[in-house]
Amino acid sequence: MADEKYLLTTENVNLFYSGKQALFDISLYFPKNGITALIGPSGSGKSTYLRALNRMHDLTPNVKVEGKFLFHGVDMYADNVDLVDLRKRIGMVFQQPTPFPFSIYENVAFGLRLGHKVPKHDLNEAVEKALRQAGVWEEVKDRLDMNALGLSGGQQQRVSVARVLATKPDILLLDEPTSALDPISSRVVEDSLLDLRDEYCLIIVTHNMQQAARISQTTAFFNDGRLVEVGKTRDIFLNPKEKETQDYVSGKFG
Ligand SMILES: Nc1ncnc2c1ncn2[C@@H]1O[C@H](COP(=O)(O)OP(=O)(O)OP(=O)(O)O)[C@@H](O)[C@H]1O
């Protein structure tokens, strides 16, 4: 049951693309901190569900979202919710690093400047803090004026994480954040995520089961738009309750 120990609760979520149902009765709860991995074969609904968590589908015509979404106990889908504010508090990092063609500094400061006039000193502090938290400060501190597009893929992705962190979110949604990176850069990004898990609620869609096993405490397995099983990551991988989960984690399909 949902209660105050959870920062975000979602109950009985159904989602339809032009009338075609893509999510079926999903109920999942997220605590204030820690990493939850959403795993499952291609097309199982992981990204669709993730995008519902910061109302990204509002931007797409013909998508209908049903169910109860409470963030800090408040209905996230109420008409009076300020979407810019919601997306600052529930930030999203995408598969491809998404730096703007500006300096590293401006990339991170971007979200902070939205709708606010922030004193330069505060901005400098916030940019440094976010880059430190994202684990990329030491690599970029002497070249903050450099175009962020000149960084490596892994660095760009950590700058993307910093940009989201700068707005002081409670939740980071990560949609396959390392799938476009080489294995070494992926591990560096994973290490940065691990450093964040005590302070933030992270929800990560990943195809990479080793990654889910390495970094998450909780794993939810999706198949055909349904939540098959959710539990401690160890149990999902080593001792799943459902045969479908067992078959997926042992590589029989997917
Ligand atoms: N914009 C869209 N319009 C219509 N159908 C969509 C749209 N996005 C996703 N779908 C459908 O919804 C279902 C779930 O897709 P989704 O991308 O959420 O799965 P996924 O598990 O994240 O897959 P992948 O791992 O390949 O990204 C699929 O059948 C997909 O074809």
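Since every read-out is calculated from the coordinates, none of them should be taken as a lab result. Model, not experiment: these values are computed from the prediction. Note that we place each Cβ from the backbone using ideal geometry, even for glycine, and neighbour counts take in every protein chain shown.
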Considering the stretch 163-206, residues that are of a type in the set (S, T, Y) and touching a strand residue (DSSP E or B) at 6+ places or on another chain (Cβ under 6 Å), and then whichever is farthest from L50 (Cα to Cα), we arrive at Y200
The residue that is surrounded by the most Cβ atoms within 10 Å (Cβ to Cβ), considering only those in the stretch 64-96 that are in a strand (DSSP E or B) and free of Cβ contacts under 8 Å to residues at least 40 places away in the same chain, is D75
Scanning the stretch 160-177 for residues that are more than 12 Å from the chain's Cα centre (by Cα) and surrounded by fewer than 24 Cβ atoms within 10 Å (Cβ to Cβ), the one farthest from the ligand (Cβ to nearest atom) turns out to be K168
query: Before we move on, is V118 more than 16 Å from the ligand (Cβ to nearest atom) and part of a loop (DSSP other than H, G, I, E, B)?
result: yes
Filtering the stretch 2-23 down to residues that are on the phi < 0 side of the Ramachandran plot and more than 11 Å from the ligand (Cβ to nearest atom) yields A2, D3, E4, K5, Y6, L7, L8, T9, T10, E11, V13, N14
Taking the stretch 107-117 and the residues there that are farther than 27 Å from L70 by Cα and touching a residue at least 12 places away in the same chain (Cβ under 8 Å), the one that is surrounded by the fewest Cβ atoms within 10 Å (Cβ to Cβ) would be F110
G34 - would you say it is surrounded by 15 or more Cβ atoms within 10 Å (Cβ to Cβ), in contact with a Cys (Cβ under 9 Å, 6 or more places away or on another chain) and touching a residue at least 40 places away in the same chain (Cβ under 8 Å)? yes
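Could you grab me the full set of residues in the stretch 39-56 that are among the charged types (D, E, K, R) and either near the ligand (Cβ under 8 Å from one of its atoms) or without any contact (Cβ under 8 Å) to a residue 12 or more places away in the chain (or both)?
Within the stretch 39-56, K46, R51 qualify.
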